[in-house]
1. Return the percentage of antiparallel bridges among DSSP beta bridges fully within the chain, rounded to the nearest 5 %.
2. Can you give me the angle between helix 242-254 and the longest principal axis of the chain, using Cα atoms only, in degrees from 0 to 90, rounded to the nearest 10?
3. Find the relative contact order for the chain and round it to a whole percent, using C-alpha pairs within less than 8 Å whose residues are 6+ positions apart.
4. Using a 1.4 angstrom probe on the protein heavy atoms only, line up 204, 120 by accessible area, largest first.
5. If each DSSP helix of 4+ residues adds -39,500 (n - 2.57) and the sum is divided by the residues in the chain, what number results at 222 nm, nearest 500 deg cm²/dmol?
6. Ordering 230, 51, 308 from largest to smallest accessible area (1.4 angstrom probe), what's the sequence?
7. Tell me the accessible surface of residue 74 in square angstrom (1.4 angstrom probe, heavy atoms of protein chains only), to the nearest ten.
8. Percent of accessible area on the range 123-278 owned by carbon and sulfur, 1.4 Å probe?
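The values are calculated or read from the model by the stated rules, or taken from the named source; none is laboratory data. Computed from a prediction, not measured in an experiment: that's the story for all the values here. Just the protein is used for accessible areas: all its heavy atoms, side chains included, with ligands, DNA and RNA removed. Shrake-Rupley method; radii C 1.70, N 1.55, O 1.52, S 1.80 Å.
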Amino acid sequence: MEKVKTTSTKQLQGSLQNGLHGELAVPGDKSISHRGIMFGAISEGTTVLHHFLTAEDCLSTLKAFQQLGVPITRDGETVTIQGVGLHGLKQAEQPLDMGNSGTTTRLIMGLLAGQDFPSELTGDASLSKRPMKRVSDPLAEMGANIEVTDGHLPAVINGEKLHGVDYHLKVASAQVKSALILAGLQADGVSILVEKQPTRNHTEKMLRAFGAEIETESDDVTITVHPQPHMHGITLNVPGDMSSAAFFMVAASLVPGSKITLRNVGMNDTRTGLYSILKRMGGKISLSNEQTMGEPTADLTVEAAELHPIEIGAAEIPAVIDELPLVALLAAKAKGVSKITGAGELRVKETDRISAIVTEFNKMGIDIQELDDGFVIDGRKPWRVVDSQLDSHGDHRIGMVMATAALLVNQPLTLTGADSINISYPEFFDDLATLISR
Ligand code: S3P
């Protein structure tokens, strides 16, 4: 059943009497859903994705590949892709609209850089402010010809023959790494990519399942891409998105009396930073029903707990990059001073997430200090709402973090720009409601 879209301003009711209770299966993983469409498209034969994330970002990917001549059908959360092979894409008649999606944009740049036709990419206002030279520059070293506009979208990709490269990545970014891997598949020689730090490895794992030859050294940062593979379609069950489960992990940890179970959550260890951090802070969280079919999954049971403060530095950031605003929320209730550093990448997400969190937490009277690359938060000070009108800053994750924070105050608040949640989790408020018994 299609859910009704959230209106732009949402009333948030605080003060839960009994905490959060019950069970939930969160929607499919966003990173894996994007990749399922892309890799299915460039494989031969049929790919079927079950539990595909039907949120705006992944629908941008789906539509772009339809425009590139790939037959794709969707029935609810099941997507069927008739793959056209690595060299079977067709020139799109219209510019490809990336919407709000950085993942679609950066990965598709790597893929289209090696095709024998030109492509034009556009995006919404937020995406058009995000840095693209981090992708177009390294792709240029492989022979790509991409024209960006002052380092941003819109971009024109003039497809070229690519050559293999030996490249050390300058940013810890799975999106940049994945773009280079997709270019490497089409190159005329082997590519060796060395990451600054390990980042999410869905591209490597999934492409291997589709039949590509990609090796990762035991250092977890050196990746060898062999060119011109013949890839074949697969059937894939997309695990629940850890980044969506994260809101409820944090809500249940912080709202007294809570105990919930989140079913079938993706537990790829390049994504489980929040799980580890929550445990280290004294969170009560346990795993059951652990399975590994491609990606590892588990059911997570989370109970309310008293939390300790934490220090997090650069080495831990990639595995928790999308959940850092939630770590800030945990810190805002922990009994001491927490410090998050090395997280400058937050400034170039859907919005400047450091600035957005500081602005919104200040409205709640939370003791937070802004750093260039993170925050210092003292969770001992009681919160005191000084402005009841919260704002998502047009960013899905900021919107959902503030809706989670609102569960912890004794007065109703409003959230402006609440419809931004449709980017990754359209059912967020409905799912939250099923866990709340007032
Ligand atoms: C993603 C990688 C991350 C993450 C984004 C999704 C991906 O971005 O923040 O939400 O699917 O590859 P970076 O790799 O640029 O940090």
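1. 75
2. Between helix and principal axis, roughly 10 degrees.
3. Computed over the chain, the figure is 19 percent.
4. 120, 204
5. -8500 deg cm²/dmol
6. So the residues, ranked largest to smallest area, are 230, 308, 51.
7. In the full protein context, residue 74 sits at about 100 Å².
8. Answer for the range 123-278: carbon and sulfur cover 50 percent of the accessible area.
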